[in-house]
Amino acid sequence: MHLDAQALTDFARGCAVLGSGGGGPVADTLPVAAQAIEECGPVPVVAPEELPQDALVLPVSLVGSPAVAAERIGGRAEAGRLAARVEQLHGRPVAAVMCGEIGGQNGCFTVSWAARLGVPLLDADSIGRAFPRLDQNVLELAGLSPSPAVLSDEYGRTVVLDDVDGAFLEELARPVVAVFGGRVVSADYPLSAGQAARHAVRGSVTTALALGRGEGLDPVLTGKVASVQRPGDGAASVLLEGTGADAGRLVLLRARSEFVAAMEDGRALALVPDVIALIDARTGWAVPVEEVRYGLRVRLVTFPSAAVWYTEAGLRLAGPDAFGLTGLKREVAP
């Protein structure tokens, strides 16, 4: 399978859904990926087992302010410079690129890097959706080290973080992002193709393509946005009022950068780590939390994330408690 210009829009739509309202606007990185494919050709998508077990995989993601990233889109040489630094650290060439976060803007961003580097894109990623913290990923759950983590800006300046765990990576990376002006590319949790086969979320790219074609997007509610409250720090409360067959229903969404809960009549329709997305009824694109507005006609869709997020360790790292949803509990998967 290849990601070409025709498939890219479907992929981007699916990444927007997997952002669960967060992960940064896909519209900012879709043109970047389209240009990279136009200049460098379609990107092959491969399963991890199609590569040698010890092949070096480069997980990459944008970190920082989506607004800043929209203005600082990088350049043609950015991917090559960071990859060269990673290859220097590991003593072998990068064989493939993997999305550090398939949800939101990072999906298309990673496609552009695979195209620029001339390597395949793994049909896998580190989360299966979008989460705000660098350590909220399945490689952390698997006990893989995030280091050496390489943080780089578009000018080729790099910071290498050695001997750090996931929580410390998150603490150290944020000041680096600030010093670099609000936007860096992070290549953290480096791994081999064999490790990706065992521990990454498999099939993320094909899942995004299917979602982008509308598969599996049966709405929980069809309605309109009745009110939006934004207390700050990326939080929001969105009241949905059902229309048509759903007339009379009220659903409250709670957001912490991403949508993390959908409540109706005091019960949870969906709770993080479930994916919760609002689809604009007019355009068919998922709506980021920051773009939800009064009167918008939407479809609410929800579905489970990767199974590992419903384990005890997964819920501890990215369940309701991790997002301050006191009193709301997820059951550990049997």
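If the condition is being part of a loop (DSSP other than H, G, I, E, B) and in contact with a Phe, Trp or Tyr (Cβ under 8 Å, 6 or more places away or on another chain), then segment 297-318 contributes only Pro304. With the structure loaded, tell me whether Val17 is under 17 Å from Ala114 (Cα atoms), open to solvent by less than 40 Å² (accessible area, probe 1.4 Å) and of a type in the set (A, V, I, L, M, F, W, C) or whether it fails that test. No: the conditions fail for Val17. Selection within segment 90-120: residues that are in a helix (DSSP H, G or I) and in contact with an Asp or Glu (Cβ under 9 Å, 6 or more places away or on another chain). The member of this set that is farthest from Asp10 (Cα to Cα) is Arg116. Within segment 238-256, residues that are within 16 Å of Val287 (Cα to Cα) and of a type in the set (D, E, K, R) sit with their Cβ atoms under 8 Å from residues that are open to solvent by less than 50 Å² (accessible area, probe 1.4 Å) and not in a strand (DSSP E or B), at 6+ positions apart or across chains, in these pairs: Arg254/Leu325; Arg256/Gly234; Arg256/Phe323; Arg256/Gly324.
Yes/no matrix, rows are residues, columns are (1) more than 13 Å from Trp113 (Cα to Cα); (2) at pLDDT below 95; (3) polar (S, T, N, Q):
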| site | (1), (2), (3) |
| --- | --- |
| Thr29 | no, yes, yes |
| Ala34 | no, no, no |
| Ala47 | yes, no, no |
| Leu51 | yes, no, no |
| Leu56 | yes, no, no |
| Val60 | no, no, no |
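Residue by residue, here is whether (1) free of Cβ contacts under 8 Å to residues at least 12 places away in the same chain; (2) open to solvent by 40 Å² or more (accessible area, probe 1.4 Å) holds:
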{"site": "Glu38", "(1), (2)": "no, yes"}
{"site": "Ala47", "(1), (2)": "no, no"}
{"site": "Ala55", "(1), (2)": "no, no"}
{"site": "Leu58", "(1), (2)": "no, no"}
{"site": "Glu71", "(1), (2)": "yes, yes"}
{"site": "Arg76", "(1), (2)": "no, yes"}
{"site": "Ala79", "(1), (2)": "no, no"}
{"site": "Leu82", "(1), (2)": "no, no"}
{"site": "Arg85", "(1), (2)": "no, yes"}
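Within segment 322-334, the set of residues being in contact (Cβ under 8 Å) with a residue 24 or more places away in the chain and surrounded by fewer than 13 Cβ atoms within 10 Å (Cβ to Cβ) comprises Gly324 only. Condition (residue is basic (Lys, Arg), out of contact with any His (no Cβ under 6 Å at 6 or more places or on another chain) and under 25 Å from Cys99 (Cβ atoms)) applied to segment 212-233: is it met by at least one residue? Yes.
Determine which member of the set Ser147, Ser126 is of a type in the set (Ser, Thr, Tyr) and closer than 26 Å to Ala27 by Cβ. After ruling out the rest, the residue left standing is Ser126. A search for C-beta distances below 8 Å between a residue of segment 308-321 that is free of Cβ contacts under 8 Å to residues at least 40 places away in the same chain and any residue that is open to solvent by less than 40 Å² (accessible area, probe 1.4 Å) and of a type in the set (A, V, I, L, M, F, W, C), counting only pairs 6+ apart in sequence or on different chains, returns Asp321/Leu315. Among the conditions (1) in a loop (DSSP other than H, G, I, E, B); (2) closer than 24 Å to Ala34 by Cα; (3) touching a strand residue (DSSP E or B) at 6+ places or on another chain (Cβ under 6 Å); (4) of a type outside the set (A, V, I, L, M), the only one that Tyr155 does not satisfy is (3). When Leu169, Leu144, Leu139 are checked against the criterion of being over 11 Å from the mean Cα position of the chain (by Cα), part of a helix (DSSP H, G or I) and under 16 Å from Gly314 (Cα atoms), Leu139 stands alone in meeting it. Quick check on segment 226-257: of everything there that is within 24 Å of Val332 (Cα to Cα) and in contact with a Phe, Trp or Tyr (Cβ under 7 Å, 6 or more places away or on another chain), which residue is surrounded by the fewest Cβ atoms within 10 Å (Cβ to Cβ)? Going through the qualifying residues, I end up with Arg256.
The values are calculated or read from the model by the stated rules, or taken from the named source; none is laboratory data. It should be emphasised that the depicted structure is a prediction, and the values quoted were computed from it without experimental measurement. For neighbour counting, all protein chains shown are included, and Cβ atoms are generated from backbone atoms with ideal geometry for every residue, glycine included. Heavy atoms of the whole protein, side chains included, go into the accessibility calculation; ligands, DNA and RNA do not. Shrake-Rupley method; radii C 1.70, N 1.55, O 1.52, S 1.80 Å.
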